[in-house]
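Asker: Below is one structure. I have some questions about it.
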Amino acid sequence: MTPAADGLLDEQHEVPPRTVKKTIKTDLIAGFATESAKDGESVRVAHQFQVTADSPYFYMFVNQISDDFLQLAGLSGDSVTKFFIVQRPDGEADVYTDYPVIAQARVSRAVTKGDPLYVHDIGDIVSYRPEGITLEPTDTVICVMKVGWKYGLFFDASRKISQDGVWAQLGALYQDLHVDRVLANIRDRIRLSQRPHIITEGRTDWRHIEAARRALGVDMSLGYPTTSDSLGDSALFQVCERLSKFGPPNTNKVIAIFDRDNPQVLAKLKARGDLDAFQAWGNNVYSIVLPMPAHRVDYKNISVEMLYTDTDIATRTSDGKRLYFNNELRKEIVADAVLRYAPIPPAESAELTKKPYDDEAELIVDDNGCHVGLSKGRFADLVHARTDAFGHLDMSAFAPIFQIIRDILAHDGNADTSTS
């Protein structure tokens, strides 16, 4: 990963050994008819659109694209999960079925080359660019992409394209597919449950909430529609929007818990309600921002782990491993260009901006060559399971969360407090 200008991050995904391209000659495509018409009648033509597989148009259009392009290239739609087609004005078309992709994402904090980046550091995907492919303004572009099990289609036959504009629209489609996939899992869990549901930015954050509920003796039953994905704040914000606006009606309260670390997201949440209380979105959807603990006043990055004291965060496992902050580690390159992180005394200059380190915990090695790093996920598991000393951490900073949840449970779930 390398930083780019204007708070953007370039990330290369799954680079195959080579790009597979086939060039064919086809009829020049102008778009797709969106309605039936007899010979001589007028018809509406879609020459620019993007849809997901949830739309009936997706399969209608993809089947036609398969007939007109993939089959001519000797490809079966049953075996292709993504493709990119560029058709020139003379009807010649390049069909790409394997290609590396550069995704550009907006980051929520300043980064420098070599910094570790976490899912919650990455906001919207703003560009999706197949590497090595260039576009001319008069080209027609067709792209099918797959994110998890969600498919999307982009098509532009206007012959007035902008290359950067196409990459931006593909980035937006990629982001939508990611959020839709996570949202479908969440909706299923909510539908099958009879309890208020908590959604968090990180995939294991809910374990801390539930561990604190038990430790503090809070008498409320909460559900957690867990997913294998870390949402991050941008996607979690979109989940709140979609759950509140696009049904079905939520019979139980749905409560999203945001970290207190991204000024842009916090500003949007503040427009919906008090950051020290809750934000009501309508349709029984609410959000909470993590409360500022008394021991973290003036700290910039409040994630769920920061509700613990530094002493508790430094709790070690029976084999000597612990969760580190990023200002307690020094990156080193050792023999054979091997990367590792060495524990060091905390850097005071980064105290107020520190975050728990959660890249590759196995790369944290002490002077004796022992692996001493613990990931955020493993830390959450140990706290949730009350394993050894992890069952005796101070959970008092979590108490305000449950008071806000009580206030939410007493609130009219269909109200929307947004002022925007």
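Asker: Take the chain, connect every pair of alpha-carbon atoms lying under 10 Å apart with a spring to form a Gaussian network, then pick out the residue of 403, 50, 279 with the largest mean-square fluctuation.
Answerer: Looking only at 403, 50, 279, the largest GNM fluctuation is found for 403.
Asker: If you fit an axis through the alpha-carbon atoms of helix 56-65 and take the longest principal axis of the Cα set of the chain, what angle between them do you get, 0 to 90°, nearest 10?
Answerer: So the helix axis and the longest Cα principal axis differ by about 50 degrees.
Asker: Contour minus end-to-end for residue 297 and residue 342, with contour as 0.36 nm per residue of separation and end-to-end as the Cα-Cα distance? Intermediate values should be presented prior to the final figure.
Answerer: Numbers: separation 45, 0.36 × 45 = 16.20 nm, distance 2.83 nm.
13.4 nm is the gain from fully extending residue 297 to residue 342.
Asker: So, one more: Work through the residues other than residue 308 whose Cβ is under 11 Å from its Cβ and net out their charges, Lys, Arg +1 and Asp, Glu -1.
Answerer: Details: positive: 296; negative: 305, 310, 312, 394.
With Lys, Arg at +1 and Asp, Glu at -1, the net is -3.
Asker: Per the Cauchy relation, a quarter of the hull surface: what is the mean projected area of the convex hull of the alpha carbons in the chain, in nm²? It would help to have the intermediate numbers written out before the result.
Answerer: Values: hull surface 99.3 nm².
Average of the hull's projected areas for the chain equals 24.8 nm².
Asker: How many angstrom lie between the C-alpha centres of segment 177-224 and segment 58-91?
Answerer: Segment 177-224 and segment 58-91 have Cα centres spaced 40 Å from each other.
Asker: Based on the alpha carbons, how large is the Rg to Rh ratio for segment 309-392 when Rh follows Kirkwood?
Answerer: On the way: Rg = 13.1 Å, Rh = 13.4 Å.
Result for segment 309-392 is an Rg/Rh of 0.98.
Asker: Normalised by the residues of the chain, what does the relative contact order come to in percent, with Cα pairs under 8 Å and at least six apart?
Answerer: On the way: 785 pairs, mean separation 53.9, N = 420.
This gives 13 percent for the chain.
Asker: Here is a follow-up. Which residue fluctuates the most in the chain, going by a Gaussian network model with Cα springs under 10 Å, if the choices are 218, 179, 372?
Answerer: 218
Asker: I want the local charge near residue 266. Using Cβ-Cβ distances under 10 Å, sum +1 for each Lys or Arg and -1 for each Asp or Glu among the other residues.
Answerer: So the environment of residue 266 carries a net charge of 0.
Asker: Spin-label point model (7 Å from Cα, Cβ direction): what's the residue 386 to residue 102 distance in nm?
Answerer: Result for the modelled spin labels: 5.3 nm.
Asker: If you don't mind, there's one more thing I want to ask. List, in the order given, every pair from 38/160; 25/82; 321/354 whose Cα-Cα distance in the structure shown is over 25 Å. List each step's numbers first, then the result.
Answerer: Values: 38/160 29 Å; 25/82 21 Å; 321/354 19 Å.
Over 25 Å apart, Cα to Cα: 38/160.
Asker: Now, a different point. What does a probe at residue 351 reach in segment 311-334, counting residues whose amide N is under 17 Å from the point 7 Å along Cα→Cβ?
Answerer: 311-314, 325-329
Asker: What are the residues whose amide H is under 5 Å from the amide H of residue 48, where those residues sit 5 or more places off or on another chain and H is modelled from the backbone?
Answerer: It is 157, by chain and number.
Asker: Students often get this wrong, so check it: of 150/300; 245/355; 245/270, which have C-alpha atoms separated by over 30 Å? Walk me through the numbers on the way to the answer.
Answerer: Values: 150/300 35 Å; 245/355 34 Å; 245/270 19 Å.
With Cα atoms farther than 30 Å apart: 150/300; 245/355.
Asker: What is the spin-label model distance, in nm, from residue 331 to residue 370 if the labels are put 7 Å beyond Cα along the C-beta direction?
Answerer: 2.7
Asker: Another question about this same structure. When the chain is fully extended, how far beyond the present Cα-Cα distance does residue 160 get from residue 245, taking 0.36 nm per residue of separation?
Answerer: Numbers: separation 85, 0.36 × 85 = 30.60 nm, distance 3.39 nm.
This chain segment gains 27.2 nm when fully extended.
Values in this text are rule-based calculations from the coordinates and carry no lab data. Since the structure is predicted, the reported quantities are computational estimates derived from the model, not experimental observations. Neighbour counts are summed over all protein chains in view; Cβ atoms, including those assigned to glycine, are modelled from backbone coordinates with ideal geometry.
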